[in-house]
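Some notes on the structure that comes next.
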Amino acid sequence: MTTFVDRVELHVAAGNGGHGCASVHREKFKPLGGPDGGNGGRGGDVILVVDQSVTTLLDYHHSPHRKATNGKPGEGGNRSGKDGQDLVLPVPDGTVVLDRGGNVLADLVGEGTTYVAAEGGRGGLGNAALASARRKAPGFALLGEPGRSGDVVLELKTVADVALVGYPSAGKSSLISVLSAAKPKIADYPFTTLVPNLGVVTAGSTVYTIADVPGLIPGASQGRGLGLEFLRHVERCSVLVHVLDTATLESDRDPVTDLDVIEEELTQYGGLDNRPRIVVLNKIDIPDGKDLAEMIRPDLEKRGYRVFEASAVAHMGLKELSFALAEIIAKSRADRPKEEATRIVIRPKAVDDAGFTVSLEDDGLYRVRGEKPERWVRQTDFSNDEAVGYLADRLSRLGVEEQLMKAGARSGDGVAIGPEDDAVVFDWEPTMMAGAEMLGRRGEDHRLEAPRPAAQRRRDRDAERDEAQRAYDEFHPF
């Protein structure tokens, strides 16, 4: 049964924003109560957060589909809808977030580091928020914006200072068990270790972490054995330790050849050339192993390696090895540039930046792309003519019609707003009202033009005054 997973594909969906409410206040003796529709609530986000208590991505392997809650719709009486609840997903330290194309979206290192994998949709405005001097009683509200959704790939790269690499059964698990308090499974057959083991070592005043990488064999960087699956766990280490078996029972293997093979696999994987190397000749408690270690040590030192002879079983040479690793790690930490506090840089957009583009496609269709027009389209209820007229009004104020004219669009040309797979397409008219013609000019509400007694009396008085003035002027020409 799988207990360790370090790579999963996660399907995330944020919550949708709640719809705004179109409501008019109704109360006895208050015929002009006005609009009182509340705004919709915001949809919940899907957030990845580093949690030190989590060490595997197993939960997301079994349940890869995760969705945040939707925002509640607004209600009458100026009551706004409740925001959707964010979905917080804990991930191990060292998790890398990628898209399906392999592009890195975020590198989550450090307790509490967060990344918003899917952003919740905005809530729609109610008609109370849409009221203005020109549109005093809107008969529509904006729809909630759909939440973002998509697929992300989570890869776990172990955060360790030291990485033990070598052939199966070279003694890496035994070393980590005696250098630290880790208790990995140890046996005398290949591929005993199926998951990276992590331990904490204290050497003097230096505390560091050590991990072993299971299953490196020839062809590991191309997917043979377990190497390709776990080679990513050595990327964050400060030092590589080659654990060589000096007492192998395989006649076609020797420690120097094993070292060359593993180095070739690390080179093929890439990105590890600048890591310092240490060689550990393990199993010197066996007489043949001790003799072989003394024979090959001068050759390895000529190559520039620091060589240590050790035995995990007999606890030989471990103190020297531990303090040598601590020295290298302390130097690496001292040379590492100090992390500075993140500076918040605010870059306001230019005043004349409309935030959209108009392009002519091969099929003769003019496509409008931009955050504002696309969001406005998503929030428009196209079954409501007044809402469509309001959308046309906003697009006109943004300058879309002007840019279409500059791009060469003529009356009757096709215009699409939004991406190819989810766009609104219509035939463009330079002064179009987008189906709201029965409402009069763009953005106006003819319900406000209904005759009212006071207004009618005022118009009658004005007409009588004008008629009297004309009569007076006729009899008094001078």
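The values are calculated or read from the model by the stated rules, or taken from the named source; none is laboratory data. In this text the structure is predicted, and so the values were computed from the model without any measurement. Virtual Cβ from ideal backbone geometry, glycine too; neighbours counted across all protein chains shown. We work out accessible area using only protein heavy atoms, side chains counted, and drop any ligands, DNA or RNA first. Shrake-Rupley method; radii C 1.70, N 1.55, O 1.52, S 1.80 Å.
With Asp381, Asp362 as the choices, which residue is under 26 Å from Gly17 (Cα atoms), of a type in the set (Asp, Glu) and assigned to a loop (DSSP other than H, G, I, E, B)?
Answer to the selection: Asp381.
Considering every residue within the range 403-411, establish whether at least one is of a type in the set (A, V, I, L, M) and in contact with a helix residue (DSSP H, G or I) (Cβ under 7 Å, 6 or more places away or on another chain).
no
Among (1) out of contact with any helix residue (DSSP H, G or I) (no Cβ under 6 Å at 6 or more places or on another chain); (2) open to solvent by less than 50 Å² (accessible area, probe 1.4 Å); (3) within 28 Å of Ala137 (Cα to Cα), where does Gly37 come up short?
All conditions pass for Gly37, except number (1).
Does Gly15 fit the bill of being closer than 19 Å to Gly150 by Cα and open to solvent by less than 50 Å² (accessible area, probe 1.4 Å)?
Yes; evaluated as a whole, the condition is true for this residue.
Just name the residue that is least open to solvent (accessible area, probe 1.4 Å) out of those in the range 291-313 that are more than 21 Å from Leu240 (Cβ to Cβ) and at pLDDT 85 or above.
Step by step, filter the range 291-313, then rank; the result is Leu292.
Hey, can you tell me all the residues within the range 49-65 that are without any contact (Cβ under 8 Å) to a residue 24 or more places away in the chain and part of a helix (DSSP H, G or I)?
The answer is Asp59, His62.
Taking Gln85, is it under 23 Å from Glu145 (Cβ atoms), touching a residue at least 40 places away in the same chain (Cβ under 8 Å) and not in a strand (DSSP E or B)?
Taking the combined requirement at face value, the residue satisfies it.
Tell me, which residue of the range 40-65 that is open to solvent by 30 Å² or more (accessible area, probe 1.4 Å) and of a type in the set (Asp, Glu) is nearest to the chain's Cα centre (by Cα)?
Among those that are open to solvent by 30 Å² or more (accessible area, probe 1.4 Å) and of a type in the set (Asp, Glu), it is Asp51.
Identify all residues within the range 66-112 that are at pLDDT 90 or above, among the β-branched types (Val, Ile, Thr) and over 14 Å from the mean Cα position of the chain (by Cα); write none if there are none.
Across the range 66-112, the qualifying residue is only Thr69.
With the structure loaded, tell me whether Arg336 is among the basic types (Lys, Arg) and under 44 Å from the mean Cα position of the chain (by Cα) or whether it fails that test.
Yes.
Does Asp83 satisfy being out of contact with any helix residue (DSSP H, G or I) (no Cβ under 9 Å at 6 or more places or on another chain), farther than 17 Å from Gly123 by Cβ and open to solvent by 20 Å² or more (accessible area, probe 1.4 Å)?
Criteria not met by Asp83.
To keep it simple, each residue is scored yes or no on (1) closer than 24 Å to Arg122 by Cβ; (2) modelled with pLDDT under 75; (3) loosely packed, with under 12 Cβ neighbours inside 10 Å; (4) more than 43 Å from the chain's Cα centre (by Cα).
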site: Trp376; (1), (2), (3), (4): yes, no, no, no
site: Leu391; (1), (2), (3), (4): yes, no, no, no
site: Phe426; (1), (2), (3), (4): yes, no, no, no
site: Ala436; (1), (2), (3), (4): yes, yes, no, no
site: Tyr472; (1), (2), (3), (4): no, yes, yes, yes
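Quick check, is Leu10 surrounded by 15 or more Cβ atoms within 10 Å (Cβ to Cβ), out of contact with any helix residue (DSSP H, G or I) (no Cβ under 7 Å at 6 or more places or on another chain) and in a strand (DSSP E or B)?
Answer is no for this residue.
Which one of these does Asp299 not meet: (1) part of a loop (DSSP other than H, G, I, E, B); (2) in contact (Cβ under 8 Å) with a residue 40 or more places away in the chain; (3) of a type in the set (Asp, Glu)?
(1)
Considering only residues of the range 203-250 that are of a type in the set (Gly, Ala, Ser) and either under 28 Å from Ala326 (Cβ atoms) or modelled with pLDDT of 60 or more (or both), which is surrounded by the fewest Cβ atoms within 10 Å (Cβ to Cβ)?
Here the residue is Ser205.
Say we look at the range 405-424 and pick out the residues that are within 36 Å of the chain's Cα centre (by Cα) and either at pLDDT below 55 or of a type outside the set (A, V, I, L, M) (or both); which of these is least open to solvent (accessible area, probe 1.4 Å)?
Across the range 405-424, the extreme among qualifying residues is Gly418.
How many residues are part of a loop (DSSP other than H, G, I, E, B), modelled with pLDDT of 80 or more and of a type in the set (A, V, I, L, M) when one looks only at the range 139-178?
Adding up the residues that qualify gives 3.
Can you find a residue that is touching a Phe, Trp or Tyr at 6+ places or on another chain (Cβ under 8 Å), open to solvent by 60 Å² or more (accessible area, probe 1.4 Å) and not acidic (Asp, Glu) anywhere in the range 91-110?
Checked the range 91-110: at least one residue is touching a Phe, Trp or Tyr at 6+ places or on another chain (Cβ under 8 Å), open to solvent by 60 Å² or more (accessible area, probe 1.4 Å) and not acidic (Asp, Glu).
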